[in-house]
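In what follows, a structure is listed as structure tokens, so that the remarks can point back to it.
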Amino acid sequence: MRAALFILMTLAGAAYAQVGPRHVRMELIAESVVPAAGATVTLAFRSIPDAGWHGYWKNPGDAGVETQVTWTLPPGATAGPLVYPVPQRLLVGGLMNYVYEAPWVQFADIAIPAGLARGTRLPVTAKVDYLVCTVAVCVPESQALSTVLTVGDGAIATDARARFDRWRRAIPKPLGSAATWQRVGDRFRLSVPYPADAALEQAWFYPAAAGAIDMAAPQVATRDGDRVVIETKAAAPAGTITGVLSTGNGAGLTVRAGPGEVAAASGAESGGGDWNAAALAFAGAVLGGLLLNVMPCVFPILSLKALGLARSGESERHARMEALAYTAGVVAVCLALGGVLLALRAGGSAAGWAFQLQDPRVIGVLLLLTAGIALNLSGLFELPTPQFAARGGVAGAFATGALAAFVATPCSGPFMGAALGAALVLPAAAALLVFAGLGLGIALPFLLIGFVPALRRRLPKPGAWMATFRRILAVPMWLTALALAWVLGRQAGVDGMTLALGAVLLLGLGLWIVGRRQASGRRAVVPAAIATVLAFAAVVTIRPAARAAAAATTAAGEEPFTEARLAALRAEGRPVFAYFTADWCLSCKVNEKAAIDTDAVHDAFAKAKVAVLVGDWTDGDPVLGRFIARHDRAGVPLYLYYAPGAKQPRVLPQVLTRGMLTDLAR
């Protein structure tokens with residue numbers, strides 16, 4: 001009866017299709033219009049149905065037809081299978097349909113032949129045959145879509161990257177662990193490994209093929225520790241069953257389940273799992289933030305704190321107020337950055353921690369800030385308001401804390417990577433708690449000194465030595481400015497770096513005038529304001545420069561990271577060391593200079609034939625971002641070692657030593 005109903009709907013629609021318009025607007029979009037020879041480019045089929053119409057998933061359900069694509073490609077090029085987003089459910093007349101009622105995007109990867117010269121045109125045509133339906137009629141439609149690619153450097157335009165990131169959010173992610181199914185009487189029971197601390201809403205299992213379950217039957221999903229159990233009415237399950245587990249909000253996981261014993265769920269979902277995980281991540285973030293105080297990128301800010309902490313004779317109340325203000329500044333910035341990061345990821349971006357440093361304009365602003373503070377510490381001028389460090393005050397403490405947190409983002413230390421990685425899979429409220437924990441850890445030393453009188457009494461007494469000490473503390477701030485200028489040169493090229501250094505010179509000139517007038521007892525607000533406005537206006541005009549091919553930036557014996565190259569090396573049985581870095585990640589650069597780029601490590605890796613792959617995340621490459629996220633990290637650095645034959649990589653600490661790496665090659 002169900003099949004007869006569907007046939008009648010399709011026949012009616014076929015007759016209607018002879019005279020009617022198409023009901024799905026479709027376009028073919030390339031992620032990169034200049035793919036590199038020998039590489040893979042992703043094409044997107046963007047479909048927008050008319051109101052009241054819907055298209056179908058790979059398994060259309062009890063009714064419907066899978067979309068078919070017939071390709072016309074250049075010689076040597078090949079197309080991968082069509083990749084579908086997580087579907088929706090539509091029950092019509094007792095028939096379960098797996099559908100898309102809102103605009104949806106399917107992907108296909110095209111492998112470009114190697115050896116093609118740059119500028120070679122690659123016409124691509126796809127004939128798409130699909131079925132589109134309402135609740136009353138189904139219409140078979142066909143469209144011929146085409147695009148022209150040109151062999152180039154594989155660059156991806158900023159707007160294309162943002163769109164594809166957003167669309168990929170709806171593609172189910174690989175689960176990584178095998179699931180198990182069992183038939184118990186007329187019931188089908190599926191056990192899917194799923195962390196107890198991961199968010200889950202409205203779970204539903206979509207089988208990739210008919211026959212395993214009664215697709216129109218209700219499903220009961222139960223959280224049971226580190227698994228999700230799905231129960232529904234069985235059909236004729238056999239062998240390995242694949243499908244998609246919808247986890248809510250359009251997200252899902254690909255599932256591959258084999259037959260086996262599946263214990264019944266012990267009870268309904270407990271609501272405390274997320275918060276238990278958040279508590280553990282919070283503790284890790286606090287510890288990571290505390291250790292971050294000794295990392296190279298945070299040390300210059302210690303100079304500001306040191307001058308404030310070197311005072312004595314302050315009242316108990318004043319010390320506590322200043323400590324709380326400093327903590328508030330740190331936590332506020334960490335929460336703000338965390339909130340923006342969560343919002344970007346909710347929109348489909350592959351952004352990670354320190355995402356703002358992928359924009360050279362932010363680096364330029366930081367360069368101006370550090371240069372201005374260095375000039376102040378060098379004695380060029382005085383900074384009465386906001387009263388940073390040496391002059392104290394609640395406003396100054398808050399501003400110093402905010403600056404410390406902002407500058408700390410390029411660094412990552414022990415415990416931070418796992419904590420922030422966990423934050424990205426927790427509910428928003430729990431995730432923000434983790435980011436607040438990071439801020440609390442950064443502020444903890446100053447907070448303790450403010451609230452523990454015995455610690456304050458150990459601070460040196462103020463005196464003439466402080467002027468000399470202040471000049472000495474200008475040195476690490478200048479070194480920080482120098483490092484930021486180098487990063488800016490890498491991101492924006494020589495022109496961008498020159499513009500920023502010119503802005504620093506302009507700011508310095510204005511502050512020099514301020515210092516001269518201050519020395520004669522006069523105020524000089526206007527020159528400082530004009531110089532500051534012009535300098536910041538200059539750096540916000542900086543734009544990223546076209547980056548050279550990744551192969552040119554790697555050291556001898558290293559290769560740019562791609563998942564295809566990783567798979568090829570592992571298939572050869574070679575050990576692989578893969579590391580992910582960014583020019584703005586100062587802790588990454590310290591690890592590279594102190595451990596990775598050393599003769600001892602190079603020799604050890606060469607003798608053991610360890611392949612080295614480098615993932616450069618300076619510009620926020622979303623492909624790398626998604627790979628990093630799959631290893632439960634929110635950003636760089638990430639260090640992975642793949643032993644021959646191992647199923648999973650060994651995740652190395654975020655602080656490396658030469659001995660640690662040479663031991664891998666033994």
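No lab work stands behind these numbers, since they all come straight from the coordinates. This structure is a prediction, so every number in the text was calculated from the model and none was measured. When we count neighbours, we look across all protein chains shown, and the Cβ atoms used for this are built from the backbone with ideal geometry, even at glycine.
Numbers for the structure displayed
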{"read-out": "For region 116-128, Karplus couplings with θ = phi - 60° (6.51, -1.76, 1.60), whole Hz, Gly/Pro x", "value": "7, 6, 4, x, 5, 7, 10, x, 10, 10, 10, 9, 10"}
{"read-out": "Debye log10 I(q)/I(0) at q = 0.18, 0.25, 0.30, 0.32 Å⁻¹ for region 607-650, Cα point scatterers", "value": "-0.61, -0.99, -1.18, -1.25"}
{"read-out": "Dipole moment magnitude, nearest 20 debye, region 2-168 about Cα centre, only Lys, Arg, Asp, Glu C-beta charged", "value": "100 debye"}
{"read-out": "Listed residue (VAL99, VAL135, ALA160) projecting farthest to the positive dipole end of region 85-163, Cβ model", "value": "ALA160"}
{"read-out": "Farthest toward positive dipole pole in region 179-259 [+1 Lys/Arg, -1 Asp/Glu at C-beta], among VAL229, ALA179, GLY211", "value": "GLY211"}
{"read-out": "Residue (of ALA538, THR618, TYR579) at the positive-pole extreme of region 531-666, dipole from beta-carbon charges", "value": "TYR579"}
{"read-out": "Stokes-Einstein D in µm²/s, Kirkwood radius over Cα pairs - region 179-259 at 25 °C with 0.890 mPa s viscosity", "value": "196 µm²/s"}
{"read-out": "Distance violations [Cα-Cα > 31 Å] among LYS127/LYS233; LYS589/LYS647; LYS589/LYS609", "value": "LYS127/LYS233"}
{"read-out": "Cα point-scatterer Debye curve for region 568-647, base-10 log of I(q)/I(0) at q = 0.18, 0.19 Å⁻¹", "value": "-0.81, -0.89"}
{"read-out": "Cα Rg, Dmax, region 2-168, angstrom units", "value": "17.7, 56"}
{"read-out": "log10 of Debye I(q)/I(0), alpha-carbon scatterers only, for region 82-216 at 0.17 Å⁻¹", "value": "-1.22"}
